[in-house]
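Reading through the structure tokens given below for one structure.
Just so you know, all these numbers are worked out from the coordinates, no wet-lab data involved. The model shown is predicted, which means the values in this text are computed figures rather than measured ones. We place every Cβ from the backbone using ideal geometry, glycine too, and count neighbours over all the protein chains shown.
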Ligand code: GAP
């Protein structure tokens, strides 16, 4: 957190005001660069690799969407309110914290009240007793126009993909499976936002919705490209380290389509610098699954705050298109050109949290080098907010001008950073703390033979490179 705040990764929103709300954070310049590079990698490794299409939909959606999706009825958390001071707590977490008892999210109100009474649980702020538990809907309601029609900020980006499906399918000369991706903000009125980017009220999701024919989930020739992908699966509390093909054969994953997309996701994360040995795909139990999911795996990462979920991989069956068809009274069936049958497509999704991914990447990259007394973010070059720092060793004898010229050339094609303030050692430290893999220094020898030193962040070793070959070096190492 200290590094994130001091080095411009992220900071609380509206922090100069006393009425700033919890659960809203801003990306500073370094965090924003890291986020954009992460998104670019997501586009490259998932969208372009698999010929997916990407849309960008509205964040505010009409009430009918959420009647159909089930969010108005089901997107709720149980809460308890103190009779004396009004403090509100999320009931299931409160009970677990106080009693050590694991409470399913979907426990009925009566059962929650029974446990509260049985354990004589009281408000932690004032020791008051609680009102009967209630369910709190986590969507943000908004009013449209002077007539104040009811609408909602979307709690998951994918709803715009679902309601746009008929037009998307038609304009893209529909085929199945069809993977539609979207990156954007989602909004949830979380009861207890916490741990900076971990539980936010406004956050980025990058979702991929695969529309598929349920009768052809094993007819996927491209599966062969990923069949050897190593996967760590956690099923009913036992771990299995298998490749994608064996995962299907042993019944851990239900079909080729699910195994294919889970493999692509795993290959993507292996390029982000996250230590894949500290990750798993955990199958959710019936009590844990979201109300729309028939089978669900969470991609989870072990961090310094414990295991956290980065991606929900849900098989949503025909739940969404069926409900939107019923409520909108539109026919959302399509013809699958591969067998000419009429189907209501099923959905498998990879619903990724960008903010939690950034949090985990920072967590896994953070390194305290006690010997050299430095903090280093060992980010992979592709995601580093700054790829290369450019420093003049001193600002006299033409070194500053030479370094500035080099920087002016580099900054158009690479994320470069110029710094001439403070000792060279301090400049290296600043760069290491934002994860820049290379520092390029202009010194007296540069003026004689047109070479610079390139210093490697992790090893601190240096080598000399001709100015004319800096781009070749960076292209080979980015
Ligand atoms: N469309 C399915 C869906 O939205 P989800 O498990 O509710 O599934 C998917 O959310 C991902 O979005 C999570 O795995 C997590 O990374 C991210 N996410 C969900 N709620 C979040 C929150 N309050 N703050 C930050 N990220 C969140």
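For the pair residue 135 and residue 309 in one chain, pulling the backbone fully straight at 0.36 nm per residue adds 60.3 nm over the alpha carbon distance.
Counting DSSP beta bridges in the chain, what percent are antiparallel, to the nearest 5? Bridges in the chain that DSSP calls antiparallel: roughly 85 percent.
As a ratio to 2.2 N^0.38 Å, the alpha-carbon radius of gyration for segment 4-126 is 1.54. Using the alpha carbons alone, the radius of gyration of segment 145-261 stands to its Kirkwood radius in an Rg to Rh ratio of 1.08. The alpha carbons of segment 105-200 give a radius of gyration and a Dmax of 20.6, 63 Å, in that order. In terms of overall dimensions, the C-alpha atoms belonging to segment 176-237 reach 44, 31, 20 Å along their principal axes, ordered largest to smallest.
By the count of other C-beta atoms within 10 Å, a proxy for reagent exposure, 188, 194 are ordered fewest to most as 194, 188.
How many Å³ per residue does the convex hull of the Cα positions in segment 312-455 occupy?
Details: hull volume 29.5 nm³, N = 144.
Cα-based convex hull of segment 312-455, divided per residue, equals 205 Å³.
Along its first, second and third principal axes, ordered by size, the chain spans 79, 66, 55 Å in Cα coordinates.
Using 0.36 nm times the number of residues separating residue 87 and residue 373, minus their current alpha carbon distance, what extension gain do you get? Intermediate results must be reported in sequence, preceding the final value.
On the way: separation 286, 0.36 × 286 = 102.96 nm, distance 4.45 nm.
Computed gain between residue 87 and residue 373 is 98.5 nm.
The alpha carbons of segment 386-477 occupy a box of 30, 29, 24 Å along the principal axes, longest dimension given first. The C-alpha atoms of the chain define a longest principal axis, and helix 29-42 lies at about 70 degrees to it. Look at 76, 96 and count the other Cβ atoms within 10 Å of each Cβ; fewest to most, that gives 96, 76. Both the radius of gyration and Dmax for segment 272-330 are 15.4, 48 Å, in that order, over alpha-carbon atoms.
Overall shape of segment 30-85 was characterised from the C-alpha gyration tensor. The equivalent ellipsoid obtained from it has semi-axes of 36, 21, 11 Å, in decreasing order.
Divide the volume of the convex hull around the Cα atoms of segment 1-43 by the residue count and you get 82 Å³ per residue. Quick note on segment 76-136: its Rg to Rh ratio, both from C-alpha atoms and Rh being the Kirkwood radius, is 0.91. The calculated pair-distance distribution of segment 245-346 uses every alpha carbon pair, bins of 5 angstrom beginning at 0, and gives 2, 11, 16, 18, 18, 15, 10, 6, 4, 1, 0 percent.
Over all Cα atoms in segment 315-380, the spread is summed up by Rg and Dmax: 23.3, 68 Å. On the beta carbon distance between residue 218 and residue 60, with R0 = 41 Å, the FRET formula returns roughly 0.55. Relative to the current alpha-carbon distance between residue 246 and residue 288, full extension at 0.36 nm per residue lengthens the span by 12.5 nm. Taking other C-beta atoms within 10 angstrom as a stand-in for reagent exposure, 371, 420 fall in the order 371, 420, fewest first.
Among 296-304, 121-129, what's the highest-first ranking by average C-beta atoms within 10 angstrom per residue? Please report the intermediate quantities before stating the final value.
Working: 296-304: 20.1, 121-129: 14.3.
Ranked from most to least packed, the peptides come out as 296-304, 121-129.
Here segment 386-477 carries DSSP beta bridges of which approximately 55% are antiparallel, counting only pairs with both residues inside.
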